[in-house]
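Asks: This is the structure I want to talk about, given as structure tokens.
The values are calculated or read from the model by the stated rules, or taken from the named source; none is laboratory data. Keep in mind that this is a model prediction, so the values were computed, not measured. Methodologically, a virtual Cβ is constructed for each residue, glycine included, from the backbone with ideal geometry; neighbour enumeration extends over all protein chains shown. Areas reflect the complete protein model, heavy atoms only, side chains present, ligands, DNA and RNA absent. Shrake-Rupley method; radii C 1.70, N 1.55, O 1.52, S 1.80 Å.
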Number of protein chains: 2
Amino acid sequence: MMVRYAGQALMTVVKTQDKMTESINLVQELLEKQKLVEGVVHHTDTPRHDLVEALVHRQHLAELHTKLNKLHTADLAHVIEILPTEDRMRVWQQVQRQHGGEILLEVSDSVLKHLVDSLSPEELDNTLKQLDGDDLAYIADLLPKEALQSRLETLSSNERQWLHESLHYDEDTVGYLMGSEMVTVRDDESLEQVARTLRSRTSLPGHTDKLFVINRRGLLVGILSLQNILLHEPDKHVHEVMASEIVEFLPEDDAGAAAKAFERYDLISAPVVNGRGKLIGRLTVDVVMDYLREQATDDVLGMAGVSAEEDLYSSSWESAKNRAQWMIINLFTAFIASRVIGLFSDTIAQLVALAALMPIVASIGGNTGNQTVALIIRALSLGQITSKNARHLVRREIGVSLIIGIGMGAMAGLFAFVLYHDPRLSAVIGIAMLLTIMLAAVVGLAVPILLEKAKRDPALGSSIILTATTDSMGFFIFLGLATLFLK
Amino acid sequence: MMVRYAGQALMTVVKTQDKMTESINLVQELLEKQKLVEGVVHHTDTPRHDLVEALVHRQHLAELHTKLNKLHTADLAHVIEILPTEDRMRVWQQVQRQHGGEILLEVSDSVLKHLVDSLSPEELDNTLKQLDGDDLAYIADLLPKEALQSRLETLSSNERQWLHESLHYDEDTVGYLMGSEMVTVRDDESLEQVARTLRSRTSLPGHTDKLFVINRRGLLVGILSLQNILLHEPDKHVHEVMASEIVEFLPEDDAGAAAKAFERYDLISAPVVNGRGKLIGRLTVDVVMDYLREQATDDVLGMAGVSAEEDLYSSSWESAKNRAQWMIINLFTAFIASRVIGLFSDTIAQLVALAALMPIVASIGGNTGNQTVALIIRALSLGQITSKNARHLVRREIGVSLIIGIGMGAMAGLFAFVLYHDPRLSAVIGIAMLLTIMLAAVVGLAVPILLEKAKRDPALGSSIILTATTDSMGFFIFLGLATLFLK
């Protein structure tokens, strides 16, 4: 199978050998620099020196093929994820036949769409056949309708029902993330019986650290860890050694809250039950980790107003569209700030120094406000903000901004005095700085908390909304004070 | 033990009943709103209705005590983490005797210091006695030297040696995160023997999904999953059923890379070996998840120039000190931007409209640059940037900024024309916008990548460095063009 496949790949590759060399270098660079497999991860059977030397002496394409075949599927997916579009497709064509299904599960959404688009209907069909119901449910919304439909027809009715039910759940719920594979035992079995049943299987589902114990009515009554099976005498009964304190989830539970429970209780797997206590699925730590990672990176992007769907190889045009939305909002708010300054053009005409000093106020205001936003976003994502301690937080941020405001205000005043020798101008910029910094703290607190209350992502565009406010208000405070006291 | 403890707590609490009510409300709110235990996590043995009703009818302090005692230690730690200082101490005093050690392991560094400071030397001693060598190593650098020393003397020589070795490793390495608890078996044992040995223990270390197989010389030769023990007949030998492809780490490996390996290969635990292949420790997924979480939240804070050590209840003064460093840098860069404007004060005096328009250029430049920064930080933290694809990325970002720059430049030009009816002014702002946005893309790419190359955290202050550059350069480009073409 492997050999036949290699032969076919050879034919495709010979034509594009130069481009291939580039891909090889890239894969090699990845392996060496990023310690993808041989660095951090030492496979005791394949010492890294052999591999590297083999690379130097053999032919390029044989190399690439060998190298790709030696990679763990998850590494293959990573290589595909970070390669530029052309190289990505070249590697993908070589590996999709054997590992296509698993790779689709590992790559990001935008790359998945790329890969799927490159396949002929037959190839896609073959790739999807490598996936079971659980896997299909996970990526179903990204697949072409017809391909999914034709794959659905070949599923068992159980799997089909599972897939249909999974698709009902919202992306941020436990139901969306759970899997159907799990091992259940009855509470009245002996450990001996359990052990015999297990030995009759060839494998257990991934991340099985515990079996789920159900009673005659199919309700979840406990959990039996593999450890407990091994640690107790075989003649004990399941109900004697099982744990009845269970961390369990409902399918409609929020995925973020479930992820926190996994972190907090150090879970590897946990049962999902319906409202009546009937076991319907299983949530595992690998899925939870992926979810957490996605959420965390989304925050960094969200603050700056970039959608998480953009990947490194989205075309310039797609990326521009992705970012344009927030940029247009930003342009609009910048126009408002500009009009605020316009209100005071007489004052500026009399004292041009104001034009040079006003961006200092706006810049410091924006950046202190961003510090507050960042702290609140972290606190929200760690579940640390409640209605009670919000008041405490407001008091504290105002205290912090008062201290920073006085310090920065004094320095700005001093700077202005050194340049313009006007004590009243110094006083105006100092006070404007203090007020703007305090305002920035309040806005920095309010923006993410209000977004969260409005059931929006608290990070989304928060940085842009904040600087819009601090710019306009900073100019207004500074130029307003200047008009009152300097004219 | 439990009852005696409750009696003592009662005495302390009666005096401060009003403050206590507040704490109870807070804890209750947490439980209800955040679904801390009873929401997401259903303990089948204690239906939530009972608990809530019990709360309504019983006395406050008995309530708090009952409630605290029902919480999982990790939840207790969370409650302590998010309570305002006074309440935090009150809850801590009630629970430190029983759960103090575990709580210290779960809370953030700054809270840990708070908690430790509140304890008398004897109390601290008792608390530290609840921790073993692994745990102590994890928090050793945060403990008072004398307390650590006196605890060290009561450790076994093995544990002491472990602790000493762990302290040598840098915080971002596998060695720092690894634990010493693990189960090893010899490759020539039968599964029956392994099972007997396991049954002679009362428990296995947390997150034991596999045993580590060593040969006569103590070298790691394979891994034996608990599943494999259960799935195979007892007369098989370990070397027949073990896996010899092992994902293993060296203690000096980078923790971030190891975390990526855990995500990618869906690991629960993995062996740590020294250069000679001898097994020296074990890394588990719970520690890795905590590490990932910390890194992710640090990015959000780092971009805004806030140190991760600041917590919600740091005093205003501490917080101000924490943020002042970047703010002073920011003030300095704002002064530079101000001097750039100062260079053009003659031009502004002739055409005050420039003062009103110039912040538009700077604001849009800063925000588009931040979008690039956010994308690059995500890509760096996902290990997606290599020297080869960096070039591709530069090309793409320049493409994106060209599209956005032309769009934004046109809109800004139109806006200026509507207000000031001066086609030359419109052209100047449009071109300045385009150039500033393109510059922002290049700086947004360069800042995190250069920070990373300089072995600094790529997120740290990147947003502040970026806006400093885009402000100064944005003003320079706009006012410079205006001076050339409008005077």
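Asks: Restricting the first residue to region A:395-410 and requiring it to be within 13 Å of B:SER316 (Cα to Cα), which pairs with a second residue that is surrounded by fewer than 18 Cβ atoms within 10 Å (Cβ to Cβ) and of a type in the set (Val, Ile, Thr) meet a Cβ separation below 9 Å and a spacing of at least six or different chains?
Replies: A:GLU397/A:VAL442; A:ILE398/A:VAL442; A:SER401/A:VAL442
Asks: Still on this structure, please answer the following. Looking at region B:450-463 only, could you name the residues that are over 16 Å from B:GLY305 (Cα atoms), of a type in the set (A, V, I, L, M, F, W, C) and outside any loop (DSSP other than H, G, I, E, B)?
Replies: If the condition is that a residue be over 16 Å from B:GLY305 (Cα atoms), of a type in the set (A, V, I, L, M, F, W, C) and outside any loop (DSSP other than H, G, I, E, B), then B:LEU450 is the only one that fits.
Asks: Would you mention how many residues in region B:425-467 are among the polar types (S, T, N, Q) and farther than 24 Å from A:VAL361 by Cα?
Replies: Selection size over region B:425-467: 1.
Asks: Turning to a different aspect of this structure: Residues that are touching a residue at least 40 places away in the same chain (Cβ under 8 Å) and within 14 Å of another protein chain (Cβ to nearest Cβ): does region B:161-170 have at least one?
Replies: Looking for residues that are touching a residue at least 40 places away in the same chain (Cβ under 8 Å) and within 14 Å of another protein chain (Cβ to nearest Cβ), one finds none in region B:161-170, hence no.
Asks: Taking region A:198-218, which residues are more than 30 Å from A:LEU292 (Cα to Cα), surrounded by 14 or more Cβ atoms within 10 Å (Cβ to Cβ) and facing chain B (nearest Cβ under 10 Å)?
Replies: The answer is A:LEU198, and nothing else.
Asks: Identify, please: which residue in region B:360-386 is among the small types (Gly, Ala, Ser) and under 20 Å from the mean Cα position of the chain (by Cα) and is, among those, surrounded by the fewest Cβ atoms within 10 Å (Cβ to Cβ)?
Replies: B:GLY383
Asks: Which ones in region A:64-88 are within 23 Å of A:ASP125 (Cα to Cα), more than 24 Å from the chain's Cα centre (by Cα) and without any contact (Cβ under 8 Å) to a residue 40 or more places away in the chain?
Replies: none
Asks: Which numbered condition trips up A:VAL285, out of (1) closer than 30 Å to B:MET411 by Cα; (2) open to solvent by less than 20 Å² (accessible area, probe 1.4 Å)?
Replies: (1)
Asks: Something else about it: How many of the residues making up region A:392-407 are within 30 Å of the chain's Cα centre (by Cα) and more than 7 Å from chain B (Cβ to nearest Cβ)?
Replies: 2
Asks: Report the residue count in region A:248-267 for those that are among the charged types (D, E, K, R) and either assigned to a helix (DSSP H, G or I) or more than 8 Å from chain B (Cβ to nearest Cβ) (or both).
Replies: The qualifying residues number 4.
Asks: Mind checking whether some residue in region A:111-132 is farther than 25 Å from A:VAL79 by Cβ and surrounded by 17 or more Cβ atoms within 10 Å (Cβ to Cβ)?
Replies: no
Asks: When residues of region B:332-349 are filtered for being more than 17 Å from B:VAL361 (Cβ to Cβ) and of a type in the set (Ser, Thr, Tyr), how many remain?
Replies: Looking only at that region, the number is 1.
Rundown of residues vs (1) away from every other protein chain (no Cβ under 11 Å); (2) at pLDDT 70 or above, yes/no style:
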{"site": "A:VAL37", "(1), (2)": "no, no"}
{"site": "A:THR46", "(1), (2)": "no, no"}
{"site": "A:LEU51", "(1), (2)": "yes, no"}
{"site": "A:LEU55", "(1), (2)": "yes, no"}
{"site": "A:HIS60", "(1), (2)": "yes, no"}
{"site": "A:THR66", "(1), (2)": "yes, yes"}
{"site": "A:HIS72", "(1), (2)": "no, yes"}
{"site": "A:TRP92", "(1), (2)": "yes, yes"}
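Asks: How about region A:228-242: which of its residues are within 10 Å of chain B (Cβ to nearest Cβ) and open to solvent by less than 40 Å² (accessible area, probe 1.4 Å)?
Replies: A:ASN228, A:ILE229, A:LEU230, A:LEU231
Asks: Additional query: Quick one: count up the residues across region A:321-359 that are open to solvent by less than 10 Å² (accessible area, probe 1.4 Å) and touching an Asp or Glu at 6+ places or on another chain (Cβ under 6 Å).
Replies: 1
Asks: Go through B:VAL272, B:VAL306, B:VAL288 for me and flag whichever is facing another protein chain (nearest Cβ under 9 Å), in contact with a helix residue (DSSP H, G or I) (Cβ under 8 Å, 6 or more places away or on another chain) and not in a loop (DSSP other than H, G, I, E, B).
Replies: B:VAL288
Asks: Which of the numbered conditions does B:ILE348 fail, given that it passes all the others? Conditions: (1) among the β-branched types (Val, Ile, Thr); (2) within 30 Å of A:TYR420 (Cβ to Cβ); (3) modelled with pLDDT under 85.
Replies: All conditions pass for B:ILE348, except number (3).
Asks: Taking region A:270-279 as the region of interest, how many residues are crowded, with 20+ Cβ neighbours inside 10 Å and either free of Cβ contacts under 8 Å to residues at least 60 places away in the same chain or closer than 20 Å to A:GLU106 by Cβ (or both)?
Replies: Of the residues in region A:270-279, 2 are crowded, with 20+ Cβ neighbours inside 10 Å and either free of Cβ contacts under 8 Å to residues at least 60 places away in the same chain or closer than 20 Å to A:GLU106 by Cβ (or both).
Asks: Here are the criteria: (1) more than 21 Å from B:LEU204 (Cβ to Cβ); (2) of a type outside the set (Asp, Glu); (3) crowded, with 19+ Cβ neighbours inside 10 Å; (4) touching a residue at least 60 places away in the same chain (Cβ under 8 Å). Tell me which single one A:ALA261 does not satisfy.
Replies: (4)
Asks: Scan A:ALA296, A:ALA337 and give me the residue that is of a type in the set (A, V, I, L, M), farther than 19 Å from A:SER108 by Cα and within 7 Å of chain B (Cβ to nearest Cβ).
Replies: On inspection, the qualifying residue turns out to be A:ALA337.
Asks: Being touching a Lys or Arg at 6+ places or on another chain (Cβ under 7 Å) and either open to solvent by 40 Å² or more (accessible area, probe 1.4 Å) or of a type outside the set (A, V, I, L, M, F, W, C) (or both) is the filter here; which residues of region B:152-180 pass it?
Replies: B:GLY179
Asks: Might you check whether a residue that is open to solvent by 40 Å² or more (accessible area, probe 1.4 Å) and over 32 Å from the mean Cα position of the chain (by Cα) occurs anywhere in region A:438-452?
Replies: yes
Asks: Another question, if that's okay. Could you list, in sequence order, all residues of region A:465-481 that are more than 12 Å from chain B (Cβ to nearest Cβ) and either aliphatic (A, V, I, L, M) or touching a His at 6+ places or on another chain (Cβ under 6 Å) (or both)?
Replies: A:MET473, A:ILE477, A:LEU481, listed by residue number.
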